[in-house]
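A short write-up of the structure that comes next.
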Amino acid sequence: MPQFIYDARDGEGHVREGRETAPSAAELGVELRRRGLLVLDVREAGPEERGPGMGMGTVFTGLARGVAGWWPVSNEEVEGVLRQLSVMLRSGLTLLGALQAAGQNAEGLRMRLVLASVMGRIDGGGTFAGALEAEGVFGDLTVQLARVGEETGSLDVVLERAADAIERRRQLVQQVVTALAYPLLVLVAAVGVTLFMVLEVIPRLEGLMKSLGRKLPPTTMALIEASTWARAEGPWWLMGLLLLASALGLAFRMPGARVVADRWMLAVPLVGEVLRVAGSAMFARAFAILLRSGVTVLDGLRTAEALAGNRHLASVVARAREGVLGGGALSEGLGGRGGFVPMLGRMVAVGEATGRLEEVLEEVARHLEGQLAVRVRRLSALVEPAIIVLVGGIVGFVYVTFFLTLYAAAGNR
């Protein structure tokens, strides 16, 4: 049997190099993974001491680090890369070989450069998790799971879980955005049509009516006065609104102001309840994946806090972690009013009592994801008719006024 030289990292992060005989490089990789090692490279003994994956990482690392920030990386790309890596590692491919193949399969230039940079960092002696964290596109959950996978030798499993978590999170966000996108688009279009009628069409009709010596209907006079005021004062109001929006945007960058704003968002009727359920489902799903992968409760809470999009909910997670550090129960910190849905705290208490916290959290996540779909449909069912009535009233009033003006211009007063 041929001899192979391998580079692998043990659970303590030390790189080990060895030489063994095996039927093939793939079978040797599988055997090394069974021993709890993260296989970096396997190559047949001979004059060539480096595999193609490490060479690629070395050559392109500088380029990748220099221009990787020019193109965005979507969640779908990250999810696809993680799934590819999981499948290839499970098949016995080395980590660098899997990264090279994933880079060749990546559609976006940014992702190809990111993967090349990851390979270069590993080639330079860094860990896989550290390389992912340095790129800034994979997220705290993926980095934490990769760190656990390196330590336990189960990198293929945790990468698949990370991909599943990204997919679930993306689906939840899409549900919320889809529920609000259509009504907002209708409202914006209606406002645009109304402004065009008030600022352009009605004033021209006023000139026509004056030239004909006709008297304007009262509704037309009201719209003309509104149009005159908007043209005179509108730019100043618009400038003031832009300044106010800029000031609020700067204020929301401050942690305290962002927490207050996100707390208010949770208090908004209908919308706040959807955001609360979505945040609770995302937390339960991510925390369950972390615990099932071997992350400690405190580290898992720290990662879940960073993942929370709503900073008020993130502050709830932070307080819960501090409570656990002080010897308190996790359910007490998560079950307070004004944060996550009450069900989450009660079920976490059950999980703590039975020692099956990750299983309970997965059940809670599935239940809340179903509840979110129901609430999103309910929100759409309530918001869309309200928007249609509002828009129909505004546009209808403007069009009725328009035709009354034409009727008056024709001489029928």
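The values are calculated or read from the model by the stated rules, or taken from the named source; none is laboratory data. These numbers come from a predicted model, not from an experiment. For neighbour counting, all protein chains shown are included, and Cβ atoms are generated from backbone atoms with ideal geometry for every residue, glycine included.
Tabulated data for the structure shown
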item: Lone unmet requirement of (1) farther than 30 Å from L291 by Cβ; (2) within 27 Å of the chain's Cα centre (by Cα); (3) modelled with pLDDT under 75 for V176; result: (1)
item: Any hit, region 120-133, residues being at pLDDT 75 or above, assigned by TED's automatic domain parsing to the domain that holds L99, among the β-branched types (V, I, T) and not in a loop (DSSP other than H, G, I, E, B); result: yes
item: Condition broken by L216, with the remaining ones in (1) at pLDDT below 75; (2) in a helix (DSSP H, G or I); (3) in contact with a Ser or Thr (Cβ under 8 Å, 6 or more places away or on another chain) satisfied; result: (2)
item: Selected residue (criterion: surrounded by the fewest Cβ atoms within 10 Å (Cβ to Cβ)) from residues of region 138-161 that are modelled with pLDDT of 85 or more and β-branched (V, I, T); result: V157
item: Checklist (1) in the same structural domain as W229 (by TED's automatic domain parsing); (2) over 29 Å from Q371 (Cβ atoms); (3) in contact (Cβ under 8 Å) with a residue 24 or more places away in the chain applied to L187, failing item; result: (2)
item: Exclusive hit being at pLDDT below 80 and buried (at least 18 other Cβ atoms within 10 Å of the Cβ), set L372, L361, L379; result: L379
item: Number of the exception - V137 against (1) touching a residue at least 40 places away in the same chain (Cβ under 8 Å); (2) over 30 Å from G234 (Cβ atoms); (3) outside any loop (DSSP other than H, G, I, E, B); result: (3)
item: Top-ranked residue in region 382-406 [being surrounded by 15 or more Cβ atoms within 10 Å (Cβ to Cβ) and of a type in the set (S, T, Y); ranked as modelled with the lowest pLDDT]; result: T405
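For every residue, the table says whether it meets (1) aromatic (F, W, Y); (2) surrounded by 19 or more Cβ atoms within 10 Å (Cβ to Cβ); (3) in contact with a His (Cβ under 6 Å, 6 or more places away or on another chain); (4) not assigned by TED's automatic domain parsing to the domain that holds E363.
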| position | (1), (2), (3), (4) |
| --- | --- |
| V259 | no, no, yes, no |
| W264 | yes, no, no, no |
| V268 | no, no, no, no |
| A281 | no, yes, no, no |
| L290 | no, yes, no, no |
| G294 | no, no, no, no |
| V297 | no, no, no, no |
| G300 | no, yes, no, no |
